[in-house]
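S.K.: Questions regarding the structure given below will be posed in turn.
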Amino acid sequence: TRSGRVTGVQTCALPISMSEKYLFRPYKTGDEEKIPELLSTVFKGWPHIDTDLSPIDFWKWKYHKNPVHPGYVSVGFNGDQLISCHHNMVLKIWIQDKAIYGGTALDFAVHPDYRGQGLSSKTSAQTKIQRKKDQAIFSYFITRNPKLIKKFTGTKEQPTKTPRFPFDILNLTKINDVDLHFRKIPVQNQALIKPGIQALKAWSKIKGAPKTESNLTVEYTDKFDNKIDPLLEKIIKEHKFMVIRSSTYLNWRYAYPGLGDYIKLVVKEKDRILGYSVLRINNYNQDYPIGYIVDLITEKGREDAVSVLVSKAVEYFESKDVNIVNCQLVKGHPYIKVLERYGFLDSRIKINLFTTNPEQGLSLEGLSNADPSQIYISWGDHDALPVGLNPHT
């Protein structure tokens with residue numbers, strides 16, 4: 001996975017005490033020469049997205065060029081051999097009317113020859129020390145690893161030490177040709193899944209495509225102008241949870257030279273900016289490209305602006321012959337109704353988003369009473385644009 005979790009693999013039979021001879025420390029200049037190779041070995045290629053950047057330059061963009069704060073990186077060595085690494089991308093997050101520094105845990109890897117020795121906890125411990133020093137305690141991450149999910153979920157007798165995010169997160173999917181999709185990405189129980197998708201698609205068509213007549217205009221842009229900043233500041237303060245965005249952050253995230261072809265659109269009413277969207281086709285698997293509405297944000301209550309942006313997204317992906325398009329939102333978010341009218345359906349794939357232990361950082365317990373419209377999470381808030389059916393692969 002590109003989401004950074006260590007996936008289920010065969011463990012090494014070496015005794016755990018062997019780990020005591022290894023060196024675990026924060027990143028030092030020069031480690032980036034070895035880190036991409038380890039990530040590629042563990043994740044069978046890295047990064048899992050088409051980009052003109054070399055793996056080293058992609059790593060530097062991700063962890064050194066971030067305008068919010070350089071990332072936290074920890075490594076483990078056996079002599080000169082890099083055997084583990086752990087990364088945190090630092091973000092500024094708006095949580096319950098307060099701006100804090102936090103981040104998302106990514107690119108967590110242990111070399112296959114060294115698993116089963118407790119290296120993952122020893123490596124990540126170094127990252128936690130760095131975060132604590134800078135008071136960037138809060139973090140979140142996605143995982144599909146069954147062992148980690150079981151560990152973090154806990155039991156009634158032993159409650160979780162790593163809480164789930166208090167809102168369910170949905171991946172909305174639009175599939176044009178269901179048969180083509182299952183040929184390219186086979187899954188179990190197709191005979192049960194396919195009729196359900198086809199029935200929902202038929203129901204969507206009966207409802208009819210929404211009218212797109214509007215006095216709004218949509219402009220394509222290479223970079224986000226700082227004129228969008230007042231709108232972003234207003235939108236952020238209307239939320240209870242949201243990664244803080246600015247023109248500078250958006251341009252690093254979506255317009256960095258050589259990063260890849262992110263399509264950036266701004267919707268306006270006359271000269272007033274109402275919102276924006278970011279689209280991306282992940283061509284990592286050239287035989288079956290995957291489309292994403294990576295980011296979609298508008299002024300509160302402007303369903304017309306959301307509709308225009310979704311309409312443009314559908315038009316773009318159809319022009320590129322992309323069969324499947326994904327969009328991530330929390331359950332109950334008002335944008336979902338608009339997406340459904342354009343044929344997007346709940347993929348029913350469970351997205352496991354976990355957060356920091358409240359004893360170590362900020363508890364999100366109070367968020368559970370917030371309205372879904374006040375909680376914003378998109379694919380752009382993670383580092384992955386998955387290339388498989390499961391959104392975490």
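Matching residues to (1) among the hydroxyl-bearing types (Ser, Thr, Tyr); (2) in contact with a His (Cβ under 6 Å, 6 or more places away or on another chain); (3) at pLDDT 95 or above:
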| site | (1), (2), (3) |
| --- | --- |
| VAL267 | no, no, yes |
| ILE281 | no, no, yes |
| TYR284 | yes, yes, no |
| TYR288 | yes, no, no |
| GLY291 | no, no, yes |
| GLU315 | no, no, yes |
| VAL322 | no, no, yes |
| VAL325 | no, no, yes |
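S.K.: Moving on. Quick one: how many residues across the stretch 87-109 are open to solvent by 10 Å² or more (accessible area, probe 1.4 Å) and not hydrophobic (A, V, I, L, M, F, W, C)?
M.R.: Looking only at that region, the number is 5.
S.K.: Shifting gears a bit: All but one of (1) out of contact with any Phe, Trp or Tyr (no Cβ under 8 Å at 6 or more places or on another chain); (2) crowded, with 23+ Cβ neighbours inside 10 Å hold for ARG348, so report the exception by its number.
M.R.: It fails just one condition, (2).
S.K.: What pairs come out if I take residues in the stretch 366-385 that are on the phi < 0 side of the Ramachandran plot and pair them with residues that are surrounded by fewer than 17 Cβ atoms within 10 Å (Cβ to Cβ) and acidic (Asp, Glu) whose C-beta lies under 8 Å away, six or more apart or interchain?
M.R.: GLN374/GLU238
S.K.: Among the residues of the stretch 361-375, how many are assigned to a helix (DSSP H, G or I), over 30 Å from ILE129 (Cβ atoms) and open to solvent by less than 40 Å² (accessible area, probe 1.4 Å)?
M.R.: Of the residues in the stretch 361-375, 2 are assigned to a helix (DSSP H, G or I), over 30 Å from ILE129 (Cβ atoms) and open to solvent by less than 40 Å² (accessible area, probe 1.4 Å).
S.K.: Any residue in the stretch 276-298 that is in contact with a strand residue (DSSP E or B) (Cβ under 7 Å, 6 or more places away or on another chain), open to solvent by less than 10 Å² (accessible area, probe 1.4 Å) and assigned to a helix (DSSP H, G or I)?
M.R.: no
S.K.: Can I ask one more? Working only within the stretch 70-116, note down all residues that are within 18 Å of the chain's Cα centre (by Cα) and in a loop (DSSP other than H, G, I, E, B).
M.R.: Scanning the stretch 70-116 gives a single hit, GLY71.
S.K.: Still on this model: Does the stretch 54-62 contain any residue that is closer than 25 Å to TYR376 by Cα, modelled with pLDDT of 95 or more and not small (Gly, Ala, Ser)?
M.R.: yes
S.K.: Follow-up question, since we're still on this one. Looking only at the stretch 215-245, which residues are touching a residue at least 60 places away in the same chain (Cβ under 8 Å) and either of a type in the set (Val, Ile, Thr) or outside any helix (DSSP H, G or I) (or both)?
M.R.: Scanning the stretch 215-245 gives LEU216, VAL218, ILE235, ILE236, GLU238, HIS239, LYS240, PHE241, MET242, VAL243, ILE244.
For (1) modelled with pLDDT under 85; (2) surrounded by 13 or more Cβ atoms within 10 Å (Cβ to Cβ); (3) within 27 Å of SER373 (Cβ to Cβ), each residue gets a yes or a no:
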{"site": "PRO163", "(1), (2), (3)": "yes, yes, yes"}
{"site": "PHE167", "(1), (2), (3)": "no, yes, yes"}
{"site": "VAL178", "(1), (2), (3)": "yes, yes, no"}
{"site": "ARG183", "(1), (2), (3)": "yes, no, no"}
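S.K.: While we're on this one: Is the stretch 164-175 home to any residue that is in contact with a strand residue (DSSP E or B) (Cβ under 9 Å, 6 or more places away or on another chain) and more than 30 Å from ALA313 (Cβ to Cβ)?
M.R.: no
The values are calculated or read from the model by the stated rules, or taken from the named source; none is laboratory data. In this text the structure is predicted, and so the values were computed from the model without any measurement. Neighbour counts are summed over all protein chains in view; Cβ atoms, including those assigned to glycine, are modelled from backbone coordinates with ideal geometry. Each accessible area value is taken on the protein alone, full model and side chains, heavy atoms only, with ligands, DNA and RNA left out. Shrake-Rupley method; radii C 1.70, N 1.55, O 1.52, S 1.80 Å.
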